[in-house]
Amino acid sequence: MSGTRVTDVLTRLIDAVPTEKDFGSTARSRELSARVGTWLGVCFLVAFLTGVWSHLAQLPDPLLPLPTRPIWLYRLTQGLHIAAGTAAVPLLLVKLWSVFPQLFRRPPAQTRARLLDGAERLSIAVLVSSALFQLVTGLANSAQWYPWSFSFRSTHFALGWVAMGSLLVHIAVKLPVIRQAWLRPQDVPGPGVVSRRTLLRATWAAAGVAVVTSAVSGVPGVRRLSVLATRSGTGPGGIPINKTAAAAGVTHQATDPAFALAVTWNGTERHLSLADLRAMPQTTATLPIACVEGWSASGTWSGVRIADLLKLVGAPTGAAVLVESLQRGGASSHSRLPGNVAADSRAILALALASEPLSLDHGFPCRVIAPNRPGALQTKWVNRLEAQA
Ligand SMILES: Nc1nc2c(c(=O)[nH]1)N[C@H]1C(S)=C(S)[C@@H](COP(=O)(O)O)O[C@H]1N2
Ligand SMILES: [Mo]
């Protein structure tokens, strides 16, 4: 084949690739892209801010101690995180559908313009892939499905920054288009099967349904409406069970009559049987478990104040506490109570839920319950508390 033949074939091939004009739905428009994009941006911002907050709340040794009041704050922020992420799913799908013909836009001829065009495409590729990654891993985490080997929390956190950074670049580039789209009347009825207005309404409705079906899993009474709640609200005391004693491999040790809780500080160690714990002054508090996976439920817990246990070994008020579980391995098998949490009058080593002895799956013989904390830190089957300077 001669050189000219090759160029000829190549040119024909390139001509066969569709251009953006070949995707003819009149429901697509800059206004649609910009409006859906604006709400998508709002969802990402809410998810980002509540995500950073959740990350801070899970650091074992936060630089700034997070407050223990209001007791429901983490429940609210994590509910918002899941609601925003879920609403973003239909919004992102419509947004991608509305802009994908632009993938086939021919690059400009002029070198400078071509470079700029390439840079913009690259930033959009980063934005789209990080956004998809966040939504897919977030949804999978809600379903407790981990088809990967990396740490969900640190990866989701890192990619959150990537998504936010590329989103800011994208907004800066598109600001004129966004402004115009919101200033111009939205509906110029096109001859298409679906008008733009119908498409927009359907998009808002889909996002609304997504929010309702995810967020209500935190609202008592309507939890059964939630299609995304992977755990039933009907565990003992109305609280779902995240991991059973059998799954954690602690059944034998947790039910051993010789069980004793060790409390230590600076060389002093005390061992307390379940009877010893029950003989101590009991405190009752209504506190939620707010799981990062998107469900939350409030319970009435009774047990011994962590602060009272620390007094037994002479640990100073404000000491942090390392909490260890009978469970071996696994991210939730231990946690750390920062000093302000351990000192809180509502930080409890719970022995009972809803006036019943704690069930084995809720952490029998004893578990941590403290205000305004991620569920993952409410350690179950506790066998050791170590006060730390
Ligand atoms: N030892 C231990 N404690 C644990 C867990 C665990 O897997 N092992 N899961 C944590 C998580 S992620 C949550 S949301 C709560 C749930 O408590 P529940 O199962 O009593 O509802 O327990 C926490 N405590
Ligand atoms: Mo959790």
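The values are calculated or read from the model by the stated rules, or taken from the named source; none is laboratory data. Because the structure is predicted, anything quoted here is derived from the model rather than measured. Note that each Cβ is placed from the backbone with ideal geometry, even for glycine, and that neighbours are counted across all protein chains shown.
A compact table of results
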{"item": "Residue list for the range 367-389, restricted to those being over 27 Å from the mean Cα position of the chain (by Cα) and either within 14 Å of ligand 2 (Cβ to nearest atom) or assigned to a loop (DSSP other than H, G, I, E, B) (or both)", "result": "389"}
{"item": "Scope the range 1-20; condition outside any helix (DSSP H, G or I) and under 17 Å from residue 101 (Cβ atoms); matching residues", "result": "17, 18, 19"}
{"item": "Output for the range 24-56, where each listed residue is basic (Lys, Arg) and not in a helix (DSSP H, G or I)", "result": "28"}
{"item": "Selection from the range 327-357 of residues that are surrounded by 21 or more Cβ atoms within 10 Å (Cβ to Cβ), closer than 22 Å to residue 273 by Cβ and not hydrophobic (A, V, I, L, M, F, W, C)", "result": "327"}
{"item": "Of residues in the range 293-326 being touching a Phe, Trp or Tyr at 6+ places or on another chain (Cβ under 9 Å) and assigned to a loop (DSSP other than H, G, I, E, B), the one surrounded by the most Cβ atoms within 10 Å (Cβ to Cβ)", "result": "315"}
{"item": "Subset of the range 269-292 (residues that are within 15 Å of ligand 1 (Cβ to nearest atom) and in a loop (DSSP other than H, G, I, E, B))", "result": "291, 292"}
{"item": "Residues of the range 350-361 classified as in a strand (DSSP E or B), in contact with a strand residue (DSSP E or B) (Cβ under 9 Å, 6 or more places away or on another chain) and away from ligand 1 (no atom under 12 Å from the Cβ), total", "result": "3"}
{"item": "1 or more residues among the charged types (D, E, K, R) and modelled with pLDDT under 90: qualifying helices (runs of 4 or more DSSP H) within the range 138-257", "result": "196-215"}
{"item": "Residues that are closer than 12 Å to residue 241 by Cβ and of a type in the set (Ser, Thr, Tyr), drawn from the range 344-378", "result": "359"}
{"item": "Tally of residues being small (Gly, Ala, Ser) and assigned to a strand (DSSP E or B) across the range 327-342", "result": "1"}
{"item": "Members of the range 269-303 found to be away from ligand 2 (no atom under 16 Å from the Cβ), within 17 Å of residue 359 (Cα to Cα) and hydrophobic (A, V, I, L, M, F, W, C), listed by number", "result": "274, 275, 277, 301"}
{"item": "Near pairs, Cβ below 8 angstrom, 6+ apart or cross-chain, from the range 362-376 (within 11 Å of ligand 1 (Cβ to nearest atom)) to any residue that is among the β-branched types (Val, Ile, Thr) and assigned to a strand (DSSP E or B)", "result": "363/382; 367/382; 368/323; 368/348; 368/382; 369/289; 369/348; 375/289"}
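Per-residue answers, yes or no, for (1) near ligand 1 (Cβ under 10 Å from one of its atoms); (2) farther than 17 Å from residue 282 by Cβ:
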site: 334; (1), (2): yes, yes
site: 343; (1), (2): no, yes
site: 379; (1), (2): yes, yes
site: 382; (1), (2): yes, no
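To keep it simple, each residue is scored yes or no on (1) of a type in the set (A, V, I, L, M, F, W, C); (2) surrounded by 14 or more Cβ atoms within 10 Å (Cβ to Cβ); (3) not assigned by TED's automatic domain parsing to the domain that holds residue 172.
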residue	(1), (2), (3)
78	no, yes, no
85	no, yes, no
103	yes, no, no
119	yes, no, no
131	yes, yes, no
140	yes, yes, no
145	yes, no, no
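Conditions (1) without any contact (Cβ under 8 Å) to a residue 40 or more places away in the chain; (2) small (Gly, Ala, Ser); (3) at positive phi; (4) in the same structural domain as residue 103 (by TED's automatic domain parsing), marked per residue:
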| position | (1), (2), (3), (4) |
| --- | --- |
| 9 | yes, no, no, no |
| 27 | no, yes, no, yes |
| 38 | no, no, no, yes |
| 67 | no, no, no, yes |
| 71 | no, no, no, yes |
